[in-house]
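*Asks:* Below is a structure I'd like to ask you about.
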Amino acid sequence: MRLTGPLESAALLTALPVPTRATRSTRGVLPWAPLVGLVLGGVAAGVGVLGARSVSPLTGAVLALAALALLTRGLHLDGLADTADGLGPLRARERALQVMRQGDVGPFGVAALVLTLLLQAACAASLLGRPGGWVIVWTAVAGARLAMARTGLRGVPTAEGSSLGRAVAGTVSAPWLAGWLFIVTVGGAAAGAGIGGHRLAIAVVSGLLAGMLAAELLRLRATARLGGVTGDVMGAMGETAATVALLVAACVG
């Protein structure tokens with residue numbers, strides 16, 4: 001893997017300042033997305049805990065989501081809204097892709113965005129109100145980037161006209177992705193077990209796996225409807241994975 005890979009990933013997936021050379025290539029964006037997710041997840045969890053202890057768990061949850069939106073320039077939320085607009089109404093493939101490339105957001109996109117953020121805030125608030133719940137918030141954010149990295153595996157089709165999809169296609173190997181899945185899952189489970197016992201560890205693992213499954217179902221739907229993935233679909237997969245991970249973990253934990 002390229003030594004500049006983490007910087008390339010941070011340059012595209014975050015608003016963090018990085019050297020100019022990191023913007024010259026996109027080959028490291030998806031392979032190192034899980035590492036970026038761990039960093040973003042740590043920040044979100046820290047902000048969430050601080051808000052929960054200072055004011056309330058709901059305040060902490062909202063502040064955590066706000067921090068993520070700021071650190072990512074709302075990129076993945078925009079992808080979620082555009083994907084919802086493209087996949088929602090019944091329209092031809094070419095028209096759906098055209099709608100997704102437009103800058104405005106339609107009713108399907110607005111509804112998806114609002115409901116997703118409300119669900120994320122509600123679940124995160126519930127988790128931040130429990131001992132060790134911040135571990136799930138952390139791993140959910142990292143799991144979202146794992147789901148995005150999955151689109152870089154060889155053989156994943158790219159929708160026509162997606163420049164980002166073509167640029168990152170085939171940049172992730174199966175062993176590399178499996179390694180990151182192991183790190184995030186086992187690391188999260190170990191942290192959960194050490195802080196909150198086996199129940200929290202199970203919540204972490206079940207949330208991560210459910211989130212990955214939900215993101216995969218979205219990818220399959222996008223492939224059938226659009227012909228493959230786009231940058232917007234990648235962002236939507238990340239938001240879907242995080243939301244389902246928080247929901248399932250909140251139910252289990």
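Any read-out appearing in this document is the output of simple, stated calculations on the displayed coordinates, not a laboratory observation. Quantities reported herein were computed from a predicted structural model and do not represent experimental measurements. Neighbour counts run over all protein chains shown; Cβ positions are idealised from the backbone, glycine included.
*Asks:* Where in the range 29-129 are there helices (runs of 4 or more DSSP H), lying fully within it, with 2 or more residues that are among the aliphatic types (A, V, I, L, M) and crowded, with 24+ Cβ neighbours inside 10 Å? Before you say what the answer is, go through the steps one by one.
*Replies:* Working: elements: 33-54, 57-71, 75-87, 93-101, 107-128.
Hits in the range 29-129: 33-54, 57-71, 75-87, 107-128.
*Asks:* Inspect all residues belonging to the range 112-121 and state whether any of them is touching a Phe, Trp or Tyr at 6+ places or on another chain (Cβ under 7 Å) and in contact (Cβ under 8 Å) with a residue 60 or more places away in the chain.
*Replies:* In the first step, residues of the range 112-121 are kept if they are touching a Phe, Trp or Tyr at 6+ places or on another chain (Cβ under 7 Å); the result is none.
Within the range 112-121 (the criterion being touching a Phe, Trp or Tyr at 6+ places or on another chain (Cβ under 7 Å) and in contact (Cβ under 8 Å) with a residue 60 or more places away in the chain), the answer is no, since none of the residues qualifies.
*Asks:* Residue by residue through the range 42-88, note down the ones that are under 18 Å from VAL135 (Cα atoms) and among the polar types (S, T, N, Q).
*Replies:* SER56, THR59
*Asks:* Related question: Taking into account only those residues within the range 237-250 that are touching a Ser or Thr at 6+ places or on another chain (Cβ under 9 Å) and not small (Gly, Ala, Ser), which is nearest to CYS123 (Cα to Cα)?
*Replies:* LEU246
*Asks:* Cβ contacts < 9 Å: first residue β-branched (Val, Ile, Thr), restricted to the range 193-212; second residue surrounded by fewer than 20 Cβ atoms within 10 Å (Cβ to Cβ) and outside any helix (DSSP H, G or I), any location; separation 6+ or different chain. Result?
*Replies:* Taking only residues 6 or more apart or on different chains, the pairs are ILE195/PRO131.
*Asks:* When the range 161-209 is examined, which residues are found to be part of a loop (DSSP other than H, G, I, E, B), farther than 14 Å from GLY253 by Cβ and either basic (Lys, Arg) or out of contact with any Gly (no Cβ under 6 Å at 6 or more places or on another chain) (or both)?
*Replies:* Within the range 161-209, the first condition is being part of a loop (DSSP other than H, G, I, E, B), and the residues that meet it are 161-162, 169-171, 173, 197.
Within this subset, residues satisfying the condition of being farther than 14 Å from GLY253 by Cβ are 161-162, 169-171, 173.
Scanning the range 161-209 gives GLY161, SER162, ALA169, GLY170, SER173.
*Asks:* Determine if the range 215-235 includes at least one residue that is surrounded by fewer than 18 Cβ atoms within 10 Å (Cβ to Cβ) and among the acidic types (Asp, Glu).
*Replies:* yes
*Asks:* Which of the residues spanning the range 1-28 are assigned to a helix (DSSP H, G or I) and of a type outside the set (D, E, K, R)? Working first, answer last.
*Replies:* Our first condition is that a residue be assigned to a helix (DSSP H, G or I); within the range 1-28, this holds for 5-13, 20-23.
Answer for the range 1-28, where residues must be assigned to a helix (DSSP H, G or I) and of a type outside the set (D, E, K, R): GLY5, PRO6, LEU7, SER9, ALA10, ALA11, LEU12, LEU13, THR20, ALA22, THR23.
*Asks:* I need every pair where a residue in the range 127-152 that is touching a residue at least 60 places away in the same chain (Cβ under 8 Å) and charged (D, E, K, R) has its Cβ under 9 Å from the Cβ of a residue that is surrounded by fewer than 24 Cβ atoms within 10 Å (Cβ to Cβ) and in a loop (DSSP other than H, G, I, E, B), sequence separation at least 6 or different chains.
*Replies:* As it stands, the answer is ARG130/GLY253; ARG150/VAL156, since those pairs meet every condition given.
*Asks:* Scan the range 236-253 residue by residue and report those that are of a type in the set (Gly, Ala, Ser), buried (at least 24 other Cβ atoms within 10 Å of the Cβ) and either farther than 19 Å from LEU75 by Cβ or out of contact with any His (no Cβ under 6 Å at 6 or more places or on another chain) (or both). Outline the logic, then answer.
*Replies:* First pass over the range 236-253, keeping only residues of a type in the set (Gly, Ala, Ser): 236, 238, 241-242, 245, 249-250, 253.
Adding the requirement that they be buried (at least 24 other Cβ atoms within 10 Å of the Cβ) leaves 236, 238, 241-242, 245, 249.
Once the filter is applied, which keeps residues that are of a type in the set (Gly, Ala, Ser), buried (at least 24 other Cβ atoms within 10 Å of the Cβ) and either farther than 19 Å from LEU75 by Cβ or out of contact with any His (no Cβ under 6 Å at 6 or more places or on another chain) (or both), the range 236-253 yields ALA236, ALA241, ALA242, ALA245, ALA249.
*Asks:* So, in the range 8-25, how many residues would count as being more than 15 Å from GLY238 (Cα to Cα) and either surrounded by 19 or more Cβ atoms within 10 Å (Cβ to Cβ) or among the hydrophobic types (A, V, I, L, M, F, W, C) (or both)?
*Replies:* Restricting attention to the range 8-25, the residues satisfying the condition of being more than 15 Å from GLY238 (Cα to Cα) are 8, 10-11, 15-25.
Adding the requirement that they be either surrounded by 19 or more Cβ atoms within 10 Å (Cβ to Cβ) or among the hydrophobic types (A, V, I, L, M, F, W, C) (or both) leaves 8, 10-11, 15-16, 18, 22.
Within the range 8-25, residues that are more than 15 Å from GLY238 (Cα to Cα) and either surrounded by 19 or more Cβ atoms within 10 Å (Cβ to Cβ) or among the hydrophobic types (A, V, I, L, M, F, W, C) (or both) number 7.
*Asks:* Here's something else I'd like to know. Are any residues in the range 213-242 under 24 Å from ALA193 (Cβ atoms) and in contact (Cβ under 8 Å) with a residue 40 or more places away in the chain, and if so, which ones?
*Replies:* First pass over the range 213-242, keeping only residues under 24 Å from ALA193 (Cβ atoms): 213, 241-242.
Within the range 213-242, ALA241, ALA242 meet the criteria.
*Asks:* Looking at (1) among the β-branched types (Val, Ile, Thr); (2) in contact with a strand residue (DSSP E or B) (Cβ under 6 Å, 6 or more places away or on another chain); (3) farther than 17 Å from LEU35 by Cα, which one does VAL172 not meet, given that it meets all the others?
*Replies:* VAL172 satisfies all of (1) among the β-branched types (Val, Ile, Thr); (2) in contact with a strand residue (DSSP E or B) (Cβ under 6 Å, 6 or more places away or on another chain); (3) farther than 17 Å from LEU35 by Cα except (3).
*Asks:* Out of the residues in the range 179-214 that are within 19 Å of TRP32 (Cβ to Cβ) and crowded, with 16+ Cβ neighbours inside 10 Å, which is farthest from the chain's Cα centre (by Cα)?
*Replies:* Ranking the candidates gives GLY187 first.
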